[in-house]
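Undergrad: Let me give you the structure first, and then I'll get to my questions.
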Amino acid sequence: MSGGIATATVGGMDLAGVAGLAARVRANIGRVIVGKDEVIELALVALLSEGHILLEDVPGLGKTVLAKAIARSIGCSFKRIQFTPDLIPTDITGINFYNQRSGEFEFRPGPLAAQIVLADEINRATPRTQSALLEAMEERQITTEGVTLPLPAPFLVIATQNPIELEGTFPLPEAQLDRFLVRLKLGYPSEAEERDILDRFEDANPLTNLEPVAEADDLVAAARALSAVHCEPVVRAYIVQLVQATRRNAGLELGASPRASLALFRGARALAAIRGRAFVLPDDVKALAPVVLPHRLILSSSARLRGRDAAAIVAEVLEATPAPVVE
């Protein structure tokens, strides 16, 4: 198989353009986020795959800053929704109101009608409000008072949740977790990285002066161009074998869905393009499995009693499933 990146143009952009776009956005985000290159790369995978991101970590690690840096780097419309228990569906979808001047009812869209939506502390919203967000994530549309409206393209939800503080929260249902392409954790910075953060934020927040390095149309074109990334039949089979293995694992009550297979496939093509290749390697699939699969799995009661977690089971599945050799 050829090692060079394809030059075929799909949807107005070739794969070299996709790699260049990703490099510009990554460098721009890196002006604000310190030392999280892998997390930024995986966020770009979701972005190019038109998938949603769940950022799960303790407060103060930069989850909101990362979401804002992504939005500003692409020049997309951006809205932040602070989820609380008293939030109702129309607060995020929009309302119909009576315009006294025109004498007619008009629709006022809510914050979901943006291209990048930050759902802050998503697990603090009630299931009713979460279901309104679920339709937007899956169907790229919102429905309010019987009226259905399409959402702009691209449309990306970046949700955050604190896994430590559980009081007053409503755990995300499995159906909603399955809609997130990846679940990412920023983690604490190293000592050197934390010193760099102090230096970088000493005078002003670098996010304030962050300028776009791409447009929304570039992102749409890049997503279409990923269809030119080749995935060998043996690599496709490897993706299916990994997902099937989760359904047979004794430590899991519920394995990954076919949506997980599609997420691995689309994400692997995006990762290959970001890394300057026109073909998918098994290593691309291995890199994505730990962030694509665990949040879609339900542990068995015996596994929970033994203190096991889904991430450890995915690691076991990767170890037990032979990866194909692609020349």
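Undergrad: So how far apart, in nm, are the two label points at Glu174 and Arg31 if each is 7 Å from Cα heading toward Cβ?
TA: Between Glu174 and Arg31, the simple spin-label model gives 4.5 nm.
Undergrad: Just to be sure I understand, if you calculate Cα extents along the principal axes in Å for this structure, which of [x] 68, 50, 45; [y] 55, 53, 44; [z] 61, 45, 40 do you get?
TA: [x]
Undergrad: To check you understand DSSP bridge types, tell me what percent of the beta bridges within the chain (both residues inside) are antiparallel, rounded to 5.
TA: Of those bridges, close to 45 percent are antiparallel.
Undergrad: Another question, if that's okay. With only alpha-carbon atoms counted, please give the Rg and Dmax of region 87-209, in Å.
TA: 18.6, 62
Undergrad: Expressed in nm to one decimal, what extension gain is obtained for the pair Glu316 and Thr148 from 0.36 nm per residue of sequence separation less their Cα-Cα distance?
TA: Gain on stretching Glu316 to Thr148: 56.1 nm.
Undergrad: Using 1/(1 + (r/R0)^6) with R0 = 30 angstrom and r between the beta carbons of Glu38 and Ile95, what's the FRET efficiency to the nearest 0.05?
TA: Between Glu38 and Ile95 the formula returns 0.15.
Undergrad: Listing Arg304, Arg248, Arg80, Arg296 from the residue with the fewest other Cβ atoms within 10 Å to the one with the most, what is the order?
TA: The fewest-first ordering by Cβ neighbours comes to Arg248, Arg304, Arg80, Arg296.
Undergrad: Using alpha carbon centroids, what distance separates region 243-313 and region 216-230, in Å?
TA: 24 Å
Undergrad: Quick one: which residues, 5 or more positions from Leu254 or on another chain, have an amide H under 5 Å from its amide H? H modelled 1.01 Å from N in the peptide plane, none for Pro or chain starts.
TA: Ile298
Undergrad: Computed FRET efficiency, Cβ-Cβ of Ala323 and Asp217, R0 30 Å: what is it to the nearest 0.05?
TA: My answer for the efficiency is 0.25.
Undergrad: Also, I was wondering about something else. Note the full-extension length gain between Ile197 and Glu138 as 0.36 nm times their separation in residues minus their Cα-Cα distance, in nm to one decimal.
TA: Full-extension gain reported as 17.6 nm.
Undergrad: Per 0.36 nm of contour for each residue apart, how much would the distance between Phe105 and Lys185 grow if the chain were fully extended, relative to their Cα-Cα spacing?
TA: Gain on stretching Phe105 to Lys185: 24.4 nm.
Undergrad: Excluding Ser302 itself, calculate the net charge of residues whose Cβ lies under 10 Å from the Cβ of Ser302, where each Lys or Arg counts +1 and each Asp or Glu counts -1.
TA: Once positives and negatives cancel, what remains is +2.
Undergrad: Hey, another quick one. Let's test the formula: R0 of 25 Å, r as the Cβ-Cβ distance of Asp283 and Arg304. What FRET efficiency results, to the nearest 0.05?
TA: 0.20
Undergrad: Continuing with the same structure: Would you mind ranking Tyr98, Tyr238 so that the residue whose beta carbon has the fewest other beta carbons within 10 Å leads the list?
TA: Ordered by Cβ neighbours within 10 Å, fewest first: Tyr98, Tyr238.
Undergrad: Follow-up question, since we're still on this one. Can you sort Arg26, Arg108, Arg259 so the residue with the fewest Cβ neighbours within 10 Å comes first?
TA: Arg108, Arg259, Arg26
Undergrad: A further question on this structure: Which whole-Hz couplings ³J(HN,Hα) result when phi for each residue of region 52-65 is put into the Karplus expression 6.51 cos²θ - 1.76 cosθ + 1.60, θ = phi - 60°, listed in order with x for Gly and Pro?
TA: In residue order, the calculated couplings are 9, 10, 10, 9, 10, 6, 6, x, x, 9, x, 4, 5, 5 Hz.
Undergrad: Going by amide H atoms built from the backbone, whose H comes under 5 Å of the H on Leu156, apart from near neighbours?
TA: Residues meeting the amide H criterion: Ile116, Val117.
Undergrad: Still on this structure: Any idea what the relative contact order of region 229-327 is, in percent, if you count C-alpha pairs under 8 Å spaced at least 6 apart?
TA: Result for region 229-327 is 35 percent.
Just so you know, all these numbers are worked out from the coordinates, no wet-lab data involved. Not measured: the values here are computed from a predicted model. In this analysis, Cβ positions are derived from the backbone assuming ideal geometry, glycine residues included, and neighbour counts consider all displayed protein chains.
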